[in-house]
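Student: Here it is, the structure in full.
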There are 2 protein chains.
Amino acid sequence: MSAPQTTAKGYGISDTKKYTDFSVKEYKLKTASKDDVTLDIEFCGVCGSDVHTITGGWGELGNPWVVAGHEIVGTVTHVGDDVKEFKVGQRVGVGAQVLSCMKCDRCEADNEQYCPEQVDTYNAKFPDEVEAQGGYSTAIRTHQRFVFAIPEAIKSEEAAPMLCAGLTVFSPLVRNGTGPGKTVGIVGIGGLGHLAIQFAHHLGAKVIVFSHSPDKKEDAISLGADEFVVTSEDGFADKYFDKLDYILSAADANMIPLGDLLGTLKVDGRMTSVGLPDEPWKGLQPQAMASNASALGASHIGSKKEVNQMLKLAAEKGIRPIIDQVLPMSQAGKAIEAVKNNDVRYRFVLKQDLA
Amino acid sequence: MSAPQTTAKGYGISDTKKYTDFSVKEYKLKTASKDDVTLDIEFCGVCGSDVHTITGGWGELGNPWVVAGHEIVGTVTHVGDDVKEFKVGQRVGVGAQVLSCMKCDRCEADNEQYCPEQVDTYNAKFPDEVEAQGGYSTAIRTHQRFVFAIPEAIKSEEAAPMLCAGLTVFSPLVRNGTGPGKTVGIVGIGGLGHLAIQFAHHLGAKVIVFSHSPDKKEDAISLGADEFVVTSEDGFADKYFDKLDYILSAADANMIPLGDLLGTLKVDGRMTSVGLPDEPWKGLQPQAMASNASALGASHIGSKKEVNQMLKLAAEKGIRPIIDQVLPMSQAGKAIEAVKNNDVRYRFVLKQDLA
């Protein structure tokens, strides 16, 4: 088979203080291997992580110039000799991870997202020091384990946000037993939360949505929430004492009434926060958890096994992200600004305009 | 049957700034009911909670004058008409809880320690407003559910510290699956930790002890630790990456390398902190937990079912607290000062001298 392309073009940032000043450059793709899939990118979702990264919220940039974006959908243009799962012309996606060691206990147990050698999709380096760049670009290449088939029923622009936002909530939901007979709390209804409501509902759980925005009630209910609770109301949690089996928070843990929410958990219950704020958790006292032996944890995307399970469920049940706007990639700065200013209700998606 | 005594005498504190100025007073015992057991106290352990409470670390006193102590062993002097489990003359104990509603889901599911109407042994009030006073005293009366039979094999002074220190570690250990095939970390080797090592070992787990005190290695190993790790050494956690199924910390969460310890957990693992510090947790970032989907939680004593299970295991396996000193109750101030100054290696126990 012919050799694949060696470069791509993308919109990148070199200064976290100028996080909307995207420049277009050509750069080297991952060094090709027999296991790699190369795709032309059609759509890329704009994730909160993109903003945390290029604004410096999570620290200085790891590479001199960073192409963000890890909710990628496109078409396969080349496969390595050992790729059996995909073929040229197939519609596929890439999420927030592009490599792991593939031989440790975690990789072997479908926990490759927790592999200590995991490589993020962007702002990272492959083992041979080639910089990993994201999806605000023409193309990406990565190992087939981190490429996902997109079911026919799901449109490309709708599949894109599932590959990070969707997976980030789907994985902890299923790992923490979301299903029939369980009552699950979802905190925060944005890009992640609005997908979490749908997944929890279609996994069979009773879904209680906690939000500080009364104006999101209608959306929450139509997405599958059984009850909607406004957290700015005094004593909002009282009615839910000892009712919740599990809570998934997609909000910044420092912006929510953490103690009150933890208090709604049943004994030994768990809350997972998938919002990774720029600051440490504040004012969290173990006393809040001592009243019900609850625990607060975090989570990181999900495994390929979970991506496939999620996309199958989404295709079958009609679970889709709500897309506020599809913008051409050249308007990435506008999208980033909107996310940073909390002007995005659910999700912005960028459409290819460089290729 | 004759009416039981209505009062007891104890050593109490009325000013958190003068937390060693114990005064002896007579006070009203719990209003007697048909389900109550009254006991003469022989021994009472000195718990970190006593110090947090009477020094004001957990807030101002809830009652004007507080008798601390909730690791109580003594002899039954009276039982109510509906008490079948105990008889006069029997050796029994009382821990850190003296009442719950006994009809909620939690009470019915052997989670009475998490009942929202639970009453602490001291610095609390019974529903009829009678002040609940603890074990630095001649006698205590409470509902039979919160009274425990002491197995013959265990000496009274050794049974006392098990009823709070022991139970506080035993309950989360068993609830989090400590047993054969599991590797459990125990952090901090004091009054709670030295019992946790023994329980985890005799429950069948491999036990890794983490301590900042290299001089406790010998004790830890003799108590059942398989490995001893000094947390002040750089990179101490590296060797234990992905090795621990569960961690129980009996140390102040603000005094330990929380992120490093969480990093030793397997994916989806949990750490429970049973040390309830005066201050909120500091600098805890969800990022530390996102690398392995771990969670940090707390716990509160245990149920009667767990007390009985614990005492049976302790009797069978020879699990005992290490008692540094037995002091007469009149020297409670000396004991409190020693705990506060971290001069107690494992446990001080007070012996009756008022009756």
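Student: Every other copy gets compared here: list the nm distances from the B:Pro214 label point (7 Å along Cα to Cβ) to its counterparts, shortest first, one decimal.
Tutor: Result, one decimal in nm: 6.3.
Student: Note every residue of the stretch B:245-278 with a reduction of at least 30 square angstrom in accessible area, all protein chains present versus the isolated chain, computed with a 1.4 Å probe, or write none.
Tutor: In the stretch B:245-278, residues shielded by partner chains: B:Val267, B:Asp268, B:Arg270, B:Leu276.
Student: List the relative contact order of the stretch A:166-298 as a percent without decimals, with contacts defined as Cα pairs under 8 Å and 6+ residues apart.
Tutor: 22 percent.
Student: Given H placed 1.01 Å from N in the peptide plane, which residues other than close sequence neighbours of B:Glu42 have an amide H under 5 Å from its amide H?
Tutor: Amide H neighbours of B:Glu42, under 5 Å, 5+ apart: B:Val73, B:Gly74, B:Thr75.
Student: Which distance in Å, rounded to a whole number, links the C-alpha centroids of the stretch A:292-355 and the stretch A:207-229?
Tutor: Rounded to whole Å, the Cα centres lie 19 Å apart.
Student: Please list the equivalent ellipsoid semi-axes of the protein assembly as shown, computed as the square roots of five times the alpha-carbon gyration tensor eigenvalues, in descending order and whole angstrom.
Tutor: Value: 55, 26, 21 Å, ordered largest first.
Student: Computed on protein heavy atoms with a 1.4 Å probe, what is the summed buried accessible area for the chain pair B and A, in Å² to the nearest 100?
Tutor: For chain B against chain A, roughly 3100 Å² becomes buried.
Student: Still on this structure, please answer the following. Non-local amide H neighbours of A:Leu296 (under 5 Å, H modeled in plane, Pro and chain starts lacking H): which ones?
Tutor: Here A:Met271, B:Leu296, B:Gly297 satisfy the definition.
Student: Also: So how exposed is A:Asp278, as accessible area in Å² (1.4 Å probe, rounded to 10)?
Tutor: 70
Student: Towards the positive end of the charge dipole of the stretch B:166-298, with charges on Cβ (+1 Lys, Arg; -1 Asp, Glu), say which of B:Leu261, B:Leu296, B:Val230 has the farthest Cα.
Tutor: Checked the options; the winner is B:Leu296.
Student: Given +1 on the Cβ of Lys and Arg, -1 on the Cβ of Asp and Glu, and no further charges, what dipole in debye does the protein assembly as shown carry about its Cα centre, rounded to the nearest 20?
Tutor: That gives the protein assembly as shown a dipole magnitude of about 860 debye.
Student: Right, something else. Can you give me the long-range amide H partners of A:Ala68? Hydrogens built in the peptide plane at 1.01 Å from N, cutoff under 5 Å, separation of 5 or more residues or another chain.
Tutor: Amide H neighbours of A:Ala68: A:Ile13, A:Gly134, A:Tyr136.
Student: If you don't mind, another one. List the distances, in nm to one decimal, from the label point of B:Asp234 to the label points of the same position in every other copy, shortest first, placing each label point 7 Å from Cα along the Cα-to-Cβ direction.
Tutor: With the label placed 7 Å along Cα→Cβ, B:Asp234 yields 5.5 nm.
Student: Also, quick follow-up: What average number of partner chain Cβ atoms lie no more than 10 Å from the Cβ of the residues making up A:296-304?
Tutor: The shielding value for this peptide is 6.
Student: Moving on to the next point. So for chain B, what are the equivalent ellipsoid semi-axes in whole Å, largest first, each being the square root of 5 times an eigenvalue of the Cα gyration tensor?
Tutor: The answer is 34, 21, 19 Å, longest axis first.
Student: Please state the charge dipole magnitude for the stretch B:197-266, taken about the Cα centre, from unit charges on C-beta atoms (+1 on K and R, -1 on D and E), reported in debye and rounded to the nearest 20.
Tutor: 220
Student: Sticking with this one: Give, in nm to one decimal, the length gained when the segment between A:Ala315 and A:Gln5 is fully stretched (0.36 nm per residue of separation minus the Cα-Cα distance).
Tutor: Taking 0.36 nm per residue and subtracting the Cα distance, the gain is 108.4 nm.
Student: Next up: For the stretch B:166-298, give the percent of accessible area contributed by carbon and sulfur heavy atoms, probe 1.4 Å, rounded to a whole number.
Tutor: Carbon-and-sulfur percentage of accessible area, whole number: 48.
Student: Something else now. Taking the Cα atoms of the stretch B:166-298 alone, what are Rg (to one decimal) and Dmax (as a whole number) in Å?
Tutor: Expressed in Å, the Cα Rg and Dmax of the stretch B:166-298 come to 13.2, 36.
Student: How much length is gained if the chain between B:Ser14 and B:Asp260 is pulled fully straight, taking 0.36 nm per residue apart and subtracting their Cα-Cα distance, in nm to one decimal?
Tutor: So the chain would gain 84.4 nm between B:Ser14 and B:Asp260.
Student: List, shortest first and in nm to one decimal, how far the label point of B:Val326 (7 Å from Cα along Cα→Cβ) is from its counterparts in the other copies.
Tutor: Nearest first, the other copies' label points are 8.1 nm away.
Student: Using only helices, what value at 222 nm comes out for chain B when you add -39,500 (n - 2.57) per DSSP H run of length 4 or more and divide by the total residues, to the nearest 500 deg cm²/dmol?
Tutor: Helices in chain B give a 222 nm mean residue ellipticity of -5500 deg cm²/dmol.
Student: With a 1.4 Å probe on protein heavy atoms only, tell me which residues of the stretch B:280-295 lose at least 40 Å² of accessible surface in the complex relative to the chain by itself.
Tutor: Residues of the stretch B:280-295 that lose at least 40 Å² of accessible area once the other chains are added: B:Pro280, B:Trp281, B:Leu284, B:Gln285, B:Pro286, B:Gln287, B:Ala290, B:Ala293, B:Ala295.
Student: Mean separation of Cα pairs under 8 Å and 6+ residues apart, divided by the residue count of the stretch A:75-134: what relative contact order is that in percent?
Tutor: Taking the mean separation of contacting Cα pairs over the length of the stretch A:75-134, I get 22 percent.
Student: Rank by packing, highest mean first: peptides B:118-130, A:324-336, with packing defined as the count of other Cβ atoms within 10 Å averaged across residues.
Tutor: Packing proxy ranking, top to bottom: A:324-336, B:118-130.
Student: Running a GNM on chain A with Cα contacts under 10 Å, which residue among A:Val88, A:Val169, A:Val67 ends up with the highest mean-square fluctuation?
Tutor: For chain A, modelled as a Gaussian network with Cα springs under 10 Å, the answer is A:Val88.
Student: Mind checking which of B:Cys164, B:Cys104, B:Cys44 is farthest towards the positive end of the protein assembly as shown's charge dipole, using Cβ charges of +1 (Lys, Arg) and -1 (Asp, Glu) about the Cα centre?
Tutor: So the residue furthest toward the plus end is B:Cys104.
Student: Please report which chain A residue places its beta carbon nearest the axis carrying chain A onto chain B, with the distance rounded to a whole angstrom.
Tutor: Closest to the axis: A:Ala295, 2.
Student: Now for a different question. For the protein assembly as shown, what is the accessible area per residue in Å², given a 1.4 Å probe and the full set of protein chains?
Tutor: Per residue, the protein assembly as shown has an accessible area of 38 Å².
The values are calculated or read from the model by the stated rules, or taken from the named source; none is laboratory data. Everything numeric here is computed off the predicted structure, so don't read it as measured data. Every residue, glycine among them, receives a Cβ derived from its backbone with ideal geometry; neighbour counts consider all protein chains shown. For accessibility, only protein heavy atoms count, side chains too; no ligands or nucleic acids. Shrake-Rupley method; radii C 1.70, N 1.55, O 1.52, S 1.80 Å.
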